[in-house]
1. Just one of (1) assigned to a helix (DSSP H, G or I); (2) within 21 Å of residue 310 (Cβ to Cβ) trips up residue 54, so point out which.
2. Write out, first by first residue and then by second, each pair whose Cβ atoms fall under 6 Å of each other, whose residues are 6+ apart or on separate chains, and whose first residue, in the range 277-291, is at positive phi and touching a residue at least 24 places away in the same chain (Cβ under 8 Å) while the second is surrounded by fewer than 24 Cβ atoms within 10 Å (Cβ to Cβ) and part of a loop (DSSP other than H, G, I, E, B).
3. Would the range 330-341 turn up any residue that is surrounded by 13 or more Cβ atoms within 10 Å (Cβ to Cβ) and in contact with a helix residue (DSSP H, G or I) (Cβ under 9 Å, 6 or more places away or on another chain)?
4. Assigned to a loop (DSSP other than H, G, I, E, B), within 21 Å of the chain's Cα centre (by Cα) and touching a residue at least 60 places away in the same chain (Cβ under 8 Å), is that true of residue 297?
5. Taking into account only those residues within the range 51-73 that are under 18 Å from the mean Cα position of the chain (by Cα) and surrounded by fewer than 24 Cβ atoms within 10 Å (Cβ to Cβ), which is modelled with the highest pLDDT?
6. Restrict the check to the range 370-377 and report whether at least one residue is in contact with a helix residue (DSSP H, G or I) (Cβ under 7 Å, 6 or more places away or on another chain) and under 30 Å from residue 78 (Cβ atoms).
7. Got a sec? Which of 272, 218, 222 is touching a residue at least 12 places away in the same chain (Cβ under 8 Å), touching a strand residue (DSSP E or B) at 6+ places or on another chain (Cβ under 6 Å) and not in a strand (DSSP E or B)?
8. Quick one: how many residues across the range 166-188 are in contact (Cβ under 8 Å) with a residue 60 or more places away in the chain and assigned to a loop (DSSP other than H, G, I, E, B)?
């Protein structure tokens, strides 16, 4: 299917001289808007993290051969956004970012890498100047691209009922990233979080990230949600409950991952609801998981490793058809500006153990706020995964309910990965119920150091609430 890529790239090259830079996207009330035209912006996207020729996690935005192979297929889907989970901040991304811009595609970017992320095992020890330098340098590298939509400070750090203590560090990281953007006098770039859909604490976490002083709050809340399976419905999937429960939430919300694969091929009937007035007063679209087919069976296309050959799958065509026939709601979609910041959730042992007292920015990182982060050190830079045994000072202080070593990736909540160097430490899509036995085995054997990379390396189906699985599966069989 090289003709598709060639045709679209040729058209983009012809038009580039007359195409202005994409307008930055900004937050107003609980929605996103084009900062120049004032039009409501809905995310129509795909999660994009193709592996390298060896099947390992790689930065797709530093390799023009990779992004130029894929952007035509992304454009052809009718997308306006991709999410990338992992980049090398020491690399040059200008060619791929320009190509995305030429094709009207924005970027939602996760800042974490395997070695620079919040640890569930030792969250306070991982909150150090190494992490700050990495995050701030990543901001430096990408802030000038007007098609950078938002930064994701972390992915699924809280992935079950026993990891809520990590939220204290998560909120501190969001605060620090916002402060750095302001200190460097960059344009306002939204900073937020991509959450696992954990039934027991999804709302506590959302409200926690939106409570307290304004400069400590997230600027959006995203959810990795796999509750709509097959030809489900607004009510059966639980979408209606989420809309109701978030109706007074004052931040933009979107699905950072969606696309249950219990019924295959995926019909993507949820698209009609996501971009409807049923949801537009609360939700601002979403990103389908994922672009490239891996062993977890969520891909839209097959790509031969080390090749420029792309084969579209039935899921690709189904998604394209649904997006093509589903328009965004007219006008502003009933967004709200009157919603207030949340009340901080109360501490409840065993259920919600985050502290409302955030740790200060590490002293060694304070100079970054005036002098800048310095040279990006990339994926080969120092790791922030300190422990009581190897931290620089040997005694990272703990605040509030934080205690080292109480949070880890657990077999009911993390997916096994196809990239062993990273996936054994990532937070996969999670809920209160157990994942498949393959996920359980792989996650149990993992070191669980990093909690922030997405599902780009997942290798098995995601954990979902048991009741939702049964209902969705039966519903899907009835339809198909």
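1. Looking at each condition in turn, residue 54 falls short on (1).
2. If the second residue must be surrounded by fewer than 24 Cβ atoms within 10 Å (Cβ to Cβ) and part of a loop (DSSP other than H, G, I, E, B), the pairs left are 285/42.
3. Within the range 330-341, one or more residues are surrounded by 13 or more Cβ atoms within 10 Å (Cβ to Cβ) and in contact with a helix residue (DSSP H, G or I) (Cβ under 9 Å, 6 or more places away or on another chain).
4. Yes; evaluated as a whole, the condition is true for this residue.
5. Checking each candidate, the answer is 59.
6. no
7. Exactly one residue qualifies, and that residue is 218.
8. The first filter runs over the range 166-188 and keeps only residues in contact (Cβ under 8 Å) with a residue 60 or more places away in the chain, leaving 166-169, 171-172, 175-177, 179-180, 183-184, 187-188.
Keeping just the survivors that are assigned to a loop (DSSP other than H, G, I, E, B) gives 184, 187-188.
Matching residues across the range 166-188 total 3.
The values are calculated or read from the model by the stated rules, or taken from the named source; none is laboratory data. In this text the structure is predicted, and so the values were computed from the model without any measurement. Cβ atoms come from the backbone with ideal geometry, glycine included; neighbour counts cover every protein chain shown.
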